[in-house]
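These notes concern the structure reproduced below.
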Amino acid sequence: MMKKFQLFIIMSMLLTITTARAQDAFVIDSGHIEVKEFKRNLETIPFIPKGQWITGINVNYAASTQDNYQFLVIENLNGDSYSFKISPQLMFAFADNMATGGRFSYARTKTKLTSADVVIDSETDYSTDNLYSVSNNYYAAALFRYYLSMGRSKRFGFFIEGQMQLGGGQSKICRGTGEDLTGTFERNFNLNVGLAPGLTMFLNNYSAIEVNVGLLGFNYNHTKATTDQVYIAHHNTKSALFNINLFSITFGVAFYL
């Protein structure tokens, strides 16, 4: 009996609240119903004011050296490699919380493999040696950003970045020595259109740390390969991204002037 009484009280309170909100939204005057404008009172502040210049740079570097390294089915791995990428950018806020600009990127990757054995079982194994690879790529991207503040805070904020990137480069792969030397030279062209949300944290009034991750995008890549200056091949790839790509997380430092 007590539970039924409590349920009755709760239902009565909900009905009272609903009726009060309905009366706020509707005004009955002489038999006519007038609908009042409903406002959520969401407040937006200029997180990035109009006229702000935004500049920054992202730098990635990685290097590794292997000496008789073993991993799963790979044995006697000897060699070294490194990758380097630098991406300066410049943007201008043409309106409050909206900015546009561009980014230029240069990436270089080099791998030198002295020897490696792939051992699957006691009767199946493969060996390779004297493998050399180097690539250089250049990219230019047009950017558009829309910033969102976290409440009234001007230290933390979100942004949504639209990107359209064009680029290309060249690479070569050589294997063997002397008369057994063989190699492939490649030229590639790349088109990428994407959407990358991110987070900005201001360290002071002029500098901030940024992190963003690829969320939505389309990528097209065309490669022309020439092997031993005789054989020519073409390779096209197309891909679409509709989820969070953890391999595209980018950290950087930006300066707001």
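The values are calculated or read from the model by the stated rules, or taken from the named source; none is laboratory data. Worth saying up front: this structure is predicted, and the values here are computed from it rather than measured. Note that we place each Cβ from the backbone using ideal geometry, even for glycine, and neighbour counts take in every protein chain shown.
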Exercise for the section: Just name the residue that is farthest from residue 233 (Cα to Cα) out of those in segment 182-203 that are within 25 Å of the chain's Cα centre (by Cα) and not hydrophobic (A, V, I, L, M, F, W, C). Expected result: 200
Practice task
Filter segment 67-98 down to the residues that are hydroxyl-bearing (Ser, Thr, Tyr) and either surrounded by fewer than 16 Cβ atoms within 10 Å (Cβ to Cβ) or in contact with a Leu (Cβ under 8 Å, 6 or more places away or on another chain) (or both), then identify the one that is farthest from residue 151 (Cα to Cα).
Solution key: 69
Exercise for the section: Go over the candidates 130, 136, 76 one by one and state the one that is within 24 Å of the chain's Cα centre (by Cα) and either outside any strand (DSSP E or B) or within 30 Å of residue 176 (Cα to Cα) (or both). Expected result: 136
Fill in the blank from the handout: By residue number, the members of segment 236-257 that are modelled with pLDDT of 80 or more, out of contact with any Asp or Glu (no Cβ under 9 Å at 6 or more places or on another chain) and not basic (Lys, Arg) are 236, 237, 239, 240, 255, 256, 257
Exercise for the section: Can you work out which of the residues in segment 204-218 that are under 15 Å from the mean Cα position of the chain (by Cα) and part of a loop (DSSP other than H, G, I, E, B) is surrounded by the fewest Cβ atoms within 10 Å (Cβ to Cβ)? Expected result: 213
Practice task
Might you let me know whether segment 219-233 holds any residue that is within 16 Å of the chain's Cα centre (by Cα), not in a strand (DSSP E or B) and not acidic (Asp, Glu)?
Solution key: no
Problem - Checklist (1) over 21 Å from the mean Cα position of the chain (by Cα); (2) assigned to a strand (DSSP E or B) applied to residue 179, failing item - result: (2)
